[in-house]
Amino acid sequence: MNATSVALDRSGMVATLRIAGDITSASEGELMAGYTQAVEGGANAVILDFSGLEYMNSGGIGLLVTLLVRAQRGGVRLLASGLSDHYREILSLTRLDEAIEIHSDEGAAVAALEV
Amino acid sequence: MTITEETPTPAPTSRDGDHWAKPVDRLSAEGVAGIHVDSVTGKRVAGPLQGFGQLWQKTLRVPLEGSSMSPQQVIAVWKEQFASFWPKSGRFYAPLAGIVPGEVALLDVAPMPGSPIKLSTGIMVLYADDESFTFMTPEGHALSAWITFSAYRDGDVTVAQVQALERTSDPLDELTHMLGANRMVTAFWRETLINVGRTMGATDPTVIVEVLCIDKRRQWRHAANIRNSATLRTMRHTLTAPVRWIARRG
């Protein structure tokens with residue numbers, strides 16, 4: 001099992017969380033801390049960049065639901081980018097794609113926010 | 001086989017590729033033996049985001065003190081004998097292929113404490129590996145939920161855990177939840193874990209329960225889920241049983 005790393009980039013009101021390694025229920029601390037830092041810095045949109053994602057189990061998907069609920073409650077728009085075909089399928093299978101906007105890469109996600 | 005329509009997918013390349021169910025548009029319970037009502041075939045899966053009621057996270061764990069089993073051994077037995085750990089108030093009809101990703105199981109459960117009517121519904125195995133497996137509910141199930149069964153090591157002790165992320169599916173189910181079904185579901189998993197603990201050799205299995213309401217809001221945009229309600233369908237089926245019996249007698 002590889003550790004989760006979450007790096008935050010901010011540009012105006014948009015924050016990007018670059019997620020690398022494994023996402024499991026053990027990743028809660030890193031993921032939630034990154035999200036909290038993003039919104040406390042004033043972001044009203046958060047892009048989850050999954051380009052570095054190596055592994056995700058059902059505990060990891062559960063974390064994404066919790067994150068999504070927090071975002072909805074706080075009026076924060078949540079987007080995803082950099083998902084491989086495999087993880088796109090998982091978000092479709094779990095019907096998370098009905099609530100998280102999915103874009104091919106970060107540029108496309110940022111462009112969607114500008115529309 | 002449990003999938004009626006399947007989207008073509010490339011071979012899994014990720015480490016977790018074989019652990020997830022393949023994408024499916026509609027579920028099929030063909031091949032599950034022993035069930036009298038199939039409320040699952042033709043339905044889509046529905047997770048916590050598609051539900052109506054408040055979102056709850058329930059974590060129940062039992063340290064297997066006195067047991068020498070590893071987490072992998074616990075999960076192997078749990079998968080193999082899943083139905084036998086259920087309390088008597090419910091019945092689980094396992095898929096013939098066992099608890100493997102993509103398979104559908106059917107079940108009968110009481111919708112309310114003391115209810116004489118059993119709710120017929122099911123689950124799909126969303127994810128399974130050596131240390132955990134996760135069920136996702138179909139449309140019409142009283143709960144829109146993911147339920148993960150896992151085992152892990154805490155120091156020298158193996159711990160068995162059930163974690164549910166659940167919302168009720170529609171306003172009727174939310175009402176029954178408020179009238180006692182919420183506590184009943186928690187008690188159901190608690191009893192299941194005690195049974196798991198005993199089978200795995202724990203000397204005095206004691207269950208630790210944590211219940212958190214993650215989202216107090218109700219998702220009114222999903223109130224129309226009631227059109228798929230297995231609760232209503234089962235009640236209708238039960239109440240019209242005498243009519244069907246008379247019709248059959250001619």
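The values are calculated or read from the model by the stated rules, or taken from the named source; none is laboratory data. Everything numeric in this text was worked out from a predicted model, so none of it was measured. Positions of Cβ are backbone-derived with ideal geometry, glycine not excepted, and every protein chain shown enters the neighbour counts.
If we scan region A:6-13, do we find a residue that is closer than 28 Å to B:A128 by Cα and away from every other protein chain (no Cβ under 14 Å)? Yes. Scanning region B:175-223 for residues that are among the hydroxyl-bearing types (S, T, Y) and not in a helix (DSSP H, G or I), which turns out nearest to B:Q50 (Cα to Cα)? Ranking the qualifying residues of region B:175-223, first place goes to B:T206.
Counted as qualifying within region A:52-114 are the helices (runs of 4 or more DSSP H) with 1 or more residues that are at the interface with another protein chain (Cβ under 7 Å from one of its Cβ atoms), namely A:58-74, A:85-93.
Here's the yes/no breakdown for (1) within 11 Å of another protein chain (Cβ to nearest Cβ); (2) more than 16 Å from B:W146 (Cβ to Cβ); (3) surrounded by 19 or more Cβ atoms within 10 Å (Cβ to Cβ); (4) modelled with pLDDT of 90 or more:
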site	(1), (2), (3), (4)
B:P10	yes, yes, no, no
B:R15	yes, yes, no, no
B:H19	yes, no, yes, yes
B:K22	yes, yes, no, yes
B:H36	no, yes, no, no
B:S39	no, yes, yes, no
B:G47	yes, no, yes, yes
B:Q50	yes, no, yes, yes
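Of all residues in region B:107-164, those that are within 14 Å of chain A (Cβ to nearest Cβ), small (G, A, S) and under 11 Å from the mean Cα position of the chain (by Cα) total 3.
Residues that are of a type in the set (S, T, N, Q) and surrounded by 19 or more Cβ atoms within 10 Å (Cβ to Cβ) within region B:63-98 comprise just one, B:S67.
The C-beta contact set for region B:87-98 (first residue more than 18 Å from B:I117 (Cβ to Cβ) and at pLDDT 85 or above, second residue buried (at least 16 other Cβ atoms within 10 Å of the Cβ) and of a type in the set (K, R), distance under 7 angstrom, 6+ apart or interchain) comprises B:G98/B:K79.
Selection within region B:120-135: residues that are closer than 17 Å to B:N228 by Cα and in contact with a Lys or Arg (Cβ under 9 Å, 6 or more places away or on another chain). The member of this set that is surrounded by the most Cβ atoms within 10 Å (Cβ to Cβ) is B:G122.
Taking the conditions (1) small (G, A, S); (2) surrounded by fewer than 19 Cβ atoms within 10 Å (Cβ to Cβ); (3) within 12 Å of the chain's Cα centre (by Cα) in turn, A:A45 satisfies each one other than (2). Reported count of residues in region B:56-86, each being closer than 20 Å to B:V209 by Cα and either without any contact (Cβ under 8 Å) to a residue 60 or more places away in the chain or among the basic types (K, R) (or both), is 2.
Screening the candidates B:P95, B:P111 for the property of being within 17 Å of B:M235 (Cα to Cα) and assigned to a loop (DSSP other than H, G, I, E, B) yields one hit, B:P111.
Applying the selection to region B:224-237, what residues are surrounded by 15 or more Cβ atoms within 10 Å (Cβ to Cβ) and either in a helix (DSSP H, G or I) or without any contact (Cβ under 8 Å) to a residue 40 or more places away in the chain (or both)? Once the filter is applied, which keeps residues that are surrounded by 15 or more Cβ atoms within 10 Å (Cβ to Cβ) and either in a helix (DSSP H, G or I) or without any contact (Cβ under 8 Å) to a residue 40 or more places away in the chain (or both), region B:224-237 yields B:N225, B:I226, B:N228, B:A230, B:T231, B:L232, B:R233, B:T234, B:M235, B:H237.
Within region A:80-97, one or more residues are at pLDDT 95 or above, within 26 Å of B:W20 (Cα to Cα) and touching a His at 6+ places or on another chain (Cβ under 8 Å).
With respect to the conditions (1) out of contact with any helix residue (DSSP H, G or I) (no Cβ under 7 Å at 6 or more places or on another chain); (2) modelled with pLDDT under 90, A:T66 lacks only one, and its number is (2). Could you check, for region A:39-48, whether at least one of its residues is farther than 27 Å from B:W56 by Cα, in contact with a Gly (Cβ under 7 Å, 6 or more places away or on another chain), part of a loop (DSSP other than H, G, I, E, B) and at pLDDT 90 or above? No, because not a single residue in region A:39-48 is farther than 27 Å from B:W56 by Cα, in contact with a Gly (Cβ under 7 Å, 6 or more places away or on another chain), part of a loop (DSSP other than H, G, I, E, B) and at pLDDT 90 or above.
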